[in-house]
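To keep things clear, I will list the structure first and then write my remarks on it.
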C-alpha cells in the first residue's frame, strides 16, 4: 500500500483496451465507517490508449489536520478503481481496487511524479534527517529544551503514521523502542536565559506534526485598525458637550503578532525551517495568560514569504528569526 502525498498531483491510469469509448474512475474514502464513493469521474477515450485521472485535490478535501496538544495520526484511506467501457456500455478493462493511504504531504519537483511518503524506504522517522550522516545512528536528531517531553512522527512498514513519545530526561530513542526502527538522537538545549523556549508545531512535508523549538527571545506586538467619522454633536438648542467625541472611532479590529528567534541549529536543519514556511497548518504552544501554570495551543500563521538558507561558510552560526500572526483577531468577532 502506498502512502501518497496529497499536496502534490497523484495520477491513476489504465489502458483502455480494444473498442473502449470511455473510462470511469471511482474514488472511495474511508471516513471511519467503511468506504464511501465520494467521486465518480468520466473521460472519453480511444481504444488501446492510456487513460489518466488526477485524484489528489479531490481527496485532500477529506483531510483537515488539527492539533490541540495531542499527537494523533491523521491520514485517510483511499480506494480508487478505473474501468473502461465500449460505447454500448460493455466492460472492457478493470484496474481492480487500488488502495492508498493519503497524507497531507508534498514532494518537490526533483522528487518526481506521484510522490510517496517518506520519499524513500520505510519504516523511518517522518522528520528530515542529516543528509551527511555516516551511520544510521547519527542521521536523525531533534533539539529540545532541558526537561521537556514530546513526540516524534514515524511511518511503519505498513505505511501507517504514528508518534513515539519521549520523556524529559531522555537523550535518545533507541531503534528497538519505536516502529521507526531507527535511532532518534535528542539534543538537550539550556534556554533558561531567555525563558523556557517556544514550541512551534507544524505539518511538515511528510504530512506529520513536527515540533520545532525556538530557544531565544520573543517579541509580541498588538496592531489595531480602525475607522473614523466626523460626528455632529450640536444639540437642538445649539449647544454641545465638551465630553463628547466629534471624531468618532468605530469598527476597531486588532491582531497580535510575535517574532521568535530560533537559537543555533546545524546547517542541515535549514530544511526544517523551510518546511515551516511552506506549511499550511502551524500552532504555538504557550503559557495560558489566565493561568500561568497551564499551557494552551493556539493557531498561528507564518508571515515569512522568503527564506534564505544560511550556511556555516557564509554565516558561521545558523540562527533564524520568524514572524507569526495569531490566526484570529484579538477582539472576538466570530459570528
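Quick note: the coordinates plus some simple rules give every number you see, no bench work behind them. A quick note: this is a predicted structure, and the numbers were derived from the prediction, not measured. Note that we place each Cβ from the backbone using ideal geometry, even for glycine, and neighbour counts take in every protein chain shown.
Entry note, segment 2-111: relative contact order of 39 percent, from Cα contacts under 8 Å with a spacing of 6+ residues.
Looking at the square roots a ≥ b ≥ c of the eigenvalues of the Cα gyration tensor of segment 139-242, which shape do they give, rounded for a/c under 1.5, prolate if a/b is larger than b/c, or oblate? Prolate. Recomputing volume of the Cα convex hull per residue in Å³ from the coordinates shown identifies the correct label among [x] 502; [y] 215; [z] 245 as [z]. If both residues of a DSSP beta bridge must be in segment 2-111, then about 90% of such bridges are antiparallel. The peptide list 261-268, 125-132, 247-254, put in order of mean Cβ contacts within 10 Å with the highest first, becomes 125-132, 261-268, 247-254. Compute a Gaussian network model of the chain, connecting alpha carbons closer than 10 Å, and tell me which residue from 74, 294, 170 fluctuates the most. Checking each option, the largest mean-square fluctuation is seen for 294. Kindly identify segment 2-111 as rounded, prolate or oblate by the Cα gyration tensor criterion: order the square roots of the eigenvalues as a ≥ b ≥ c, call it rounded if a/c is under 1.5, otherwise compare a/b with b/c, prolate if a/b is larger, else oblate. Prolate shape, in that a/c is at least 1.5 and a/b is the bigger ratio. Expressed to the nearest 5 percent, the antiparallel share of DSSP beta bridges inside the chain is 90 percent.
Packing here is the average count of other Cβ atoms within 10 Å per residue, and on that basis the peptides 231-238, 85-92, highest first, run 85-92, 231-238.
Springs join every pair of Cα atoms under 10 Å in this Gaussian network model of the chain, and among 227, 319, 139 the largest mean-square fluctuation is at 227. Using helices alone, I'd like the mean residue ellipticity at 222 nm for the chain: each DSSP H run of four-plus residues gives -39500 (n - 2.57), total over residue count, nearest 500. When only DSSP H runs of four or more count, the value is -1000 deg cm²/dmol. Listed peptides 320-332, 101-113, 143-155 appear in the order 143-155, 101-113, 320-332 once ranked by packing, highest mean of other Cβ atoms within 10 Å at the front.
Working from Cα pairs under 8 Å separated by at least six residues, relative contact order for the chain is 14 percent.
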